[in-house]
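As structure tokens, the structure follows; a few thoughts come after it.
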Amino acid sequence: MIRHTLLFRFAEEVPAGTRQAILAELETFPERYPAMRHWSMGENLSSRDQTYSHGMSVEFPDEQELLAYLNSESHEQFVREKWRPVIAAQAIVAYEFAERPEADAGREGRVTKHPRGPYGMEYARIEVPDMQATIDFLQYHVGLQLEQHTDEYAYLRADIEHHAIELISAPERTDGWTTAVGFSVESEEVLEEIKRRAIAAGREILPLQERQQALCDNGFALEDPEGLIVELFTEFQEYAEPPSIEIRPLDLVHPFLATTKYEEMLDFYIQVLGFIPSDHIVGSATFLRCEDRYHHSLAIQKNDEHYVAHLCFAMKSLDHVMRMRARALYKGAPIASDIVNHSASTSIAFYLHDKKFGPRFELCDSHRVFTPEEHETHRARKMPADPRNIDVWRPASDDWGRF
Ligand SMILES: [Fe+2]
């Protein structure tokens, strides 16, 4: 590429109207000379050097195109008849340069280059043997607010989103079981894109659960390779205000999926849905993000069983996490993994688990959110399977207990 830069100053006696006409004509140059790229012009703002009052800069693909412009009859005529009579001083520099792809990627960080994925996690649907006991648990120990409740189902919410947990009464079960997870999608276009990728990958497009259809604009569902239903939709309904509960989660951040089909699951969530790996624990787990830019809105772990291992809720602060922990200790609610410091997602958390109520519930104080630029450029780290990579408050590489 060639960058051609012109610095100039009008002669003092030139009237304002003439100056404006010259500047206006320069502005038409990119249309007149289609080889021009990134044309710009402006007044000199420098307080150190006012030798020139204006600068103009433009790029050409190569020197030949620059010369074609400079030597063109229209340019020559402009310079001869209009430019020289009014310009008191000028300087020109033209130089060749190589484009810096990494710098361009940074500048265009807000323009996504990867295929768009879902926006973020909204809810999990859990079948539970004892609905009332589960509601009591989620209200007191997780801080959710009950919004709707029949004999068959219940909706509980964390913040303004319509619900974060949907419970389905399943007295035939002994343990709670997560049957579906819901992710919002930012637009109809992205929803269509995901659907196209799913069809191309041979996945069956399923309708949303009937009640969910009434709670969003549009959507569909897919079964992941383990049979977990993933519901995707636009315009999930929301309340005007969050619940007036002081100690409650602010957001449902991610599900953590244990799988016997690790590679297949990664392929489905990355290639079809459009999640992006944020970090890997080599050979054992991958943390994946989507468009809400949390470090992970999904985690997939290699396991010898398939189940939704936990759901992560972000609280307002570490203080609120510790108050929930105090409630758990006070009531003897089972803490499956006590206070841990996840370095990768910069969150401090503990995990509650009573099988009757479904997966573990992770309550964390905050969760790393990538900047738009990091979202485009972050390179997923490959970390060894060492407990210190999961909890930095572990003193040694063999301290695998208590998880
Ligand atoms: Fe988690």
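We did not get these values from a lab; they are worked out from the coordinates using the rules stated. In this text the structure is predicted, and so the values were computed from the model without any measurement. Every residue, glycine among them, receives a Cβ derived from its backbone with ideal geometry; neighbour counts consider all protein chains shown.
A few remarks follow.
- R248 being of a type in the set (D, E, K, R), within 30 Å of R325 (Cβ to Cβ) and more than 23 Å from the chain's Cα centre (by Cα): yes
- Residue within the range 93-105 that is closer than 30 Å to T377 by Cβ, touching a residue at least 12 places away in the same chain (Cβ under 8 Å), assigned to a loop (DSSP other than H, G, I, E, B) and among the small types (G, A, S) present: yes
- Residue list for the range 213-271, filter: more than 18 Å from G117 (Cα to Cα) and among the polar types (S, T, N, Q): Q213, Q237, S244, T259, T260
- For the range 296-342, the set of residues classified as of a type in the set (S, T, N, Q) and within 13 Å of the ligand (Cβ to nearest atom) consists of S297, Q301, S337, N341, listed by residue number.
- Candidate set from the range 298-348 (those that are within 30 Å of E264 (Cβ to Cβ) and without any contact (Cβ under 8 Å) to a residue 40 or more places away in the chain); member that is surrounded by the most Cβ atoms within 10 Å (Cβ to Cβ): S347
- Restricted to the range 65-99, and to residues there that are more than 51 Å from the chain's Cα centre (by Cα) and of a type outside the set (A, V, I, L, M, F, W, C), the residue that is nearest to A21 (Cα to Cα) is K82.
- Within the range 350-360, one or more residues are within 13 Å of the ligand (Cβ to nearest atom), under 25 Å from A180 (Cα atoms), among the hydroxyl-bearing types (S, T, Y) and buried (at least 20 other Cβ atoms within 10 Å of the Cβ).
Residues are listed down the side, and each one gets a yes or a no for (1) without any contact (Cβ under 8 Å) to a residue 24 or more places away in the chain; (2) assigned to a strand (DSSP E or B); (3) surrounded by fewer than 18 Cβ atoms within 10 Å (Cβ to Cβ):
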{"position": "P115", "(1), (2), (3)": "no, no, yes"}
{"position": "L156", "(1), (2), (3)": "yes, yes, no"}
{"position": "L167", "(1), (2), (3)": "no, yes, no"}
{"position": "A180", "(1), (2), (3)": "no, yes, no"}
{"position": "R196", "(1), (2), (3)": "yes, no, yes"}
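- Residue tally, condition away from the ligand (no atom under 16 Å from the Cβ), among the aliphatic types (A, V, I, L, M) and crowded, with 21+ Cβ neighbours inside 10 Å, over the range 229-264: 2
- R293 being within 23 Å of the chain's Cα centre (by Cα) and either free of Cβ contacts under 8 Å to residues at least 12 places away in the same chain or away from the ligand (no atom under 13 Å from the Cβ) (or both): yes
- So V272, is it touching a strand residue (DSSP E or B) at 6+ places or on another chain (Cβ under 7 Å) and in contact (Cβ under 8 Å) with a residue 40 or more places away in the chain: no
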